[in-house]
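Down below is the structure, laid out as structure tokens.
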Amino acid sequence: MSDNDKNSKLIRRIFVEKDNGASERIRLGNGFIDDFIFEGQQTADIPINALRVIFNIISIIGNEQFRPEDRPKQLSLFDEEFETENNVFASLRIRNNKISPSGSTKQVIDAYEFLARYKMGWYKSVNLKGREIKTFGGLISNPSYDQRGFTTFLISSYWLKKLLVIPEYNYILYNLVYTIRNNKHIIFAIWLSKLPEKGTAIKLSTLNERFGLNYKTTNDFCFKFLKSARINLDQFNNLSFNYKYKKDLIYIIPYYTKSIPQDKLKTNVAEHSIVTRRLNYFKKRYCLTVDEMVQFSYQYRNIHQTREMIEKCFKEFIKNCRIRNVKSTNFKGLEFLNKIQEYIILFYRRTKMGELLPNGYPHII
């Protein structure tokens with residue numbers, strides 16, 4: 001088809017964001033998961049801000065989703081509206097602060113550019129009359145960033161059908177893309193939702209390939225990836241997992257966590273952003289590795305009292321460095337964490353709890 005055919009887009013529906021906010025959970029159709037997020041044995045490395053776009057799209061269109069076996073008439077109505085001509089689209093608009101709570105224009109633009117380019121191409125589907133319908137683009141097309149705080153874009157009938165017509169689906173908590181920073185942990189949570197209750201056993205090489213990782217041993221995969229993923233899902237998801245390994249096989253068994261408190265589901269996005277920026281500061285300034293950040297990040301992000309203690313200890317650490325005329329950045333990586341841990345122990349043991357339980361101090365290493 002010519003470039004003119006690509007540009008001749010027909011807008012058949014405008015989806016509007018709900019005034020009452022996002023649902024606590026969204027329905028992810030298995031067809032969309034398999035075709036867009038998981039392709040064969042590999043998983044798309046979708047950035048966190050692009051995942052927020054996807055979750056918000058599904059949240060906005062959620063009331064329109066249906067199972068064709070339950071509502072066969074809806075499939076016919078969808079066909080009439082979206083699958084009678086080529087290049088038919090729906091229009092959506094999302095607030096930019098839902099994609100970048102920190103207010104970064106670059107993060108918003110990068111997220112939409114990724115989704116516009118990822119899997120861009122011609123897609124074919126067959127409507128109820130047996131006619132082949134074609135649409136061109138990625139998941140989204142023609143994103144338009146405006147100064148009023150919104151981005152408007154189009155979704156082709158091909159991908160819209162994957163999102164709306166969901167014979168099989170799983171629920172995912174909407175707030176995962178705000179409470180969990182690691183995009184691979186969110187994608188792992190989506191994959192976990194599709195596992196049978198009894199779990200599964202998978203080879204290390206298969207898991208490495210699926211999640212774009214390169215761990216040499218099953219021990220490394222479990223304790224450098226799965227351990228931190230489980231900590232996040234235990235805290236922020238209604239479905240987590242146990243794991244074990246034997247030789248080259250890793251066993252993953254899902255389980256339901258206790259109900260997530262409503263105030264945690266409605267985590268203040270602004271506070272979450274501040275905490276994330278602070279953790280990034282520590283990571284960059286003191287050259288902390290991903291592995292060194294796991295326990296430190298968990299304690300700082302999730303336990304308010306520990307966060308306050310870490311900040312108090314860090315302030316004292318900086319003060320003592322200045323008194324001794326030593327640069328704080330001389331302490332890097334594990335050496336820096338050990339130093340802060342020493343201060344935590346000193347501060348903790350001065351408290352009433354420290355008198356009762358002298359070894360009950362928070363562990364950041």
Contacts under 6 angstrom Cβ, first residue in segment 220-249 being farther than 13 Å from Leu192 by Cβ, partner small (Gly, Ala, Ser) and open to solvent by 30 Å² or more (accessible area, probe 1.4 Å), 6 or more apart: Leu249/Ala201
Name the pairs whose Cβ atoms lie under 8 Å apart, with the first residue in segment 56-80 and on the phi < 0 side of the Ramachandran plot, the second assigned to a loop (DSSP other than H, G, I, E, B) and β-branched (Val, Ile, Thr), and 6 or more positions between them or separate chains? Asn56/Ile99; Ile60/Val16; Gln65/Ile166; Phe66/Ile166; Arg67/Ile166
Which numbered condition trips up Leu160, out of (1) open to solvent by 40 Å² or more (accessible area, probe 1.4 Å); (2) under 26 Å from Lys194 (Cα atoms); (3) of a type in the set (A, V, I, L, M, F, W, C)? (1)
Determine whether segment 188-210 contains at least one residue that is open to solvent by less than 40 Å² (accessible area, probe 1.4 Å), closer than 24 Å to Leu279 by Cα and not small (Gly, Ala, Ser). yes
Matching residues in segment 21-48 (open to solvent by 20 Å² or more (accessible area, probe 1.4 Å) and in contact with a Ser or Thr (Cβ under 7 Å, 6 or more places away or on another chain)) number 3
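Is it true that Ser91 is assigned to a loop (DSSP other than H, G, I, E, B) and of a type in the set (Gly, Ala, Ser)? Before you say what the answer is, go through the steps one by one.
Values: assigned to a loop (DSSP other than H, G, I, E, B): no; of a type in the set (Gly, Ala, Ser): yes.
Against the criterion (assigned to a loop (DSSP other than H, G, I, E, B) and of a type in the set (Gly, Ala, Ser)), Ser91 does not qualify.
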Kindly provide the set of residues from segment 93-117 that are of a type in the set (Val, Ile, Thr), surrounded by fewer than 19 Cβ atoms within 10 Å (Cβ to Cβ) and at pLDDT 90 or above, ordered by number. Ile109
So which pairs qualify, if the first residue must be in segment 289-302 and closer than 19 Å to Phe236 by Cβ, the second must be of a type outside the set (Ser, Thr, Tyr) and open to solvent by 50 Å² or more (accessible area, probe 1.4 Å), the Cβ gap must be under 7 Å, and the two must be at least 6 apart or on different chains? Met293/Lys283; Gln295/His363; Gln295/Ile365
Could you list, in sequence order, the residues of segment 59-92 that are under 30 Å from Val108 (Cα atoms) and surrounded by fewer than 16 Cβ atoms within 10 Å (Cβ to Cβ)? Asn63, Glu64
Is it fair to say Arg307 is surrounded by fewer than 15 Cβ atoms within 10 Å (Cβ to Cβ) and basic (Lys, Arg)? no
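The values are calculated or read from the model by the stated rules, or taken from the named source; none is laboratory data. Source: prediction; values computed, not measured. All Cβ positions, glycine included, derive from the backbone under ideal geometry; neighbour counts span all protein chains shown. When the accessible area is computed, the model is the full protein with side chains, heavy atoms only, and any ligands, DNA or RNA have been set aside. Shrake-Rupley method; radii C 1.70, N 1.55, O 1.52, S 1.80 Å.
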